[in-house]
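Heads up, the thing below is written out as structure tokens.
Read-outs: derived from the displayed coordinates by stated rules, not from any lab. None of these values were measured; they are calculated from a predicted model. When we count neighbours, we look across all protein chains shown, and the Cβ atoms used for this are built from the backbone with ideal geometry, even at glycine.
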Amino acid sequence: MSHSLFTSTFRLACSQPCCPFCWMQDEDERRYLRSLLHEYTLAPDIHARLSASAGFCLRHAQMLVETEWAMERDGLGTATLYESVLRQLEAVTALALETSSKRPMLRKSEPDETIRRILATLRPQETCLACQHGRQNEQFALKSWVEYLLEEGLEANLAQTYLQAWGVCFPHLLRLLEQRPSLEVARWLLSDFQSKLRQRSERLEAYIHKHDVHHRHELREEERLAWIEAVALTVGDFHKNLRGVL
Ligand SMILES: [Zn+2]
Ligand SMILES: [Zn+2]
């Protein structure tokens with residue numbers, strides 16, 4: 001992603017009702033899985049890489065299934081990829097069984113040592129492929145935003161847009177500060193987070209206060225979601241998994 005592409009994507013991200021970095025990450029990961037399903041379900045290196053991590057993590061496995069179903073109303077791509085994953089799991093399970101039947105040299109710590117060796121055989125060699133891809137893009141986005149603020153200044157158009165946006169989640173605030181911005185930029189990021197915290201606390205207070213049946217009709221739209229947004233501010237965007245609740 002180029003810097004000009006970053007600024008246009010970031011502007012769009014700032015118009016979403018969630019952390020802009022979480023939104024960009026989610027969009028990017030879905031795009032990545034779509035391209036994987038479109039072009040790489042027969043690629044031997046992808047099969048080998050996915051097998052080495054025992055498939056995707058829970059979040060990305062769910063995203064993969066959702067993505068393919070939305071695209072094709074079918075699961076052939078996922079089936080093709082996971083055929084290799086299961087085959088690899090079968091192979092390591094057989095190896096673990098073989099390991100467990102061997103007599104260890106030290107009789108004293110026998111059961112513990114055998115379990116340790118079984119686990120070492122089973123544990124995936126790699127982390128989730130989509131997590132790895134996502135981390136690289138996330139890092140680029142965080143770095144680009146800090147560089148934008150340093151180069152364009154805190155009065156720049158996009159900086160002002162950011163102040164009006166939903167705000168960053170706490171994990172992304174930490175990751176922005178890990179980019180080692182100037183002290184001025186760090187204080188600007190912190191005071192924006194502080195003002196978003198105050199706003200969310202006020203909404204939470206209103207949600208709790210107006211919660212009994214006599215006052216429920218007084219709840220404004222943004223207050224109705226206050227409890228979800230309070231949680232989202234601490235962990236990042238998880239709204240997409242809560243369709244049944246919202
Ligand atoms: Zn976030
Ligand atoms: Zn993952």
Q. Nearest 20 debye, what's the magnitude of the dipole of segment 84-195 about its Cα centre given +1 on Lys and Arg Cβ and -1 on Asp and Glu Cβ?
A. 920
Q) Lone cysteines in the chain, going by a 4.7 Å Cβ-Cβ cut-off? A) CYS14, CYS18
Q.
Quick check for me: using +1 on Lys/Arg Cβ and -1 on Asp/Glu Cβ, what's the dipole size of the chain about its Cα centre, in debye to the nearest 20?
A. 780
Q: Find which of SER195, LEU50, THR234 sits farthest along the positive direction of the dipole of the chain, computed with +1 on the beta-carbon of Lys and Arg, -1 on that of Asp and Glu, about the Cα centre.
A: LEU50
Q: Over segment 1-127, calculate the relative contact order: mean separation of alpha carbon pairs under 8 Å at least 6 apart, over the residue count, as a percent.
A: 23
Q: Would you work out which of LEU122, GLY167, HIS215 lies farthest towards the positive end of the dipole of the chain? Charges go on Cβ: Lys and Arg +1, Asp and Glu -1.
A: LEU122
(Q) Using alpha carbons only, how many angstrom separate the centre of segment 111-155 from the centre of segment 18-74? (A) 16
**Q.** q = 0.14 Å⁻¹: log10 I(q)/I(0) that the Debye formula gives for the chain, counting C-alpha atoms only
**A.** -1.01
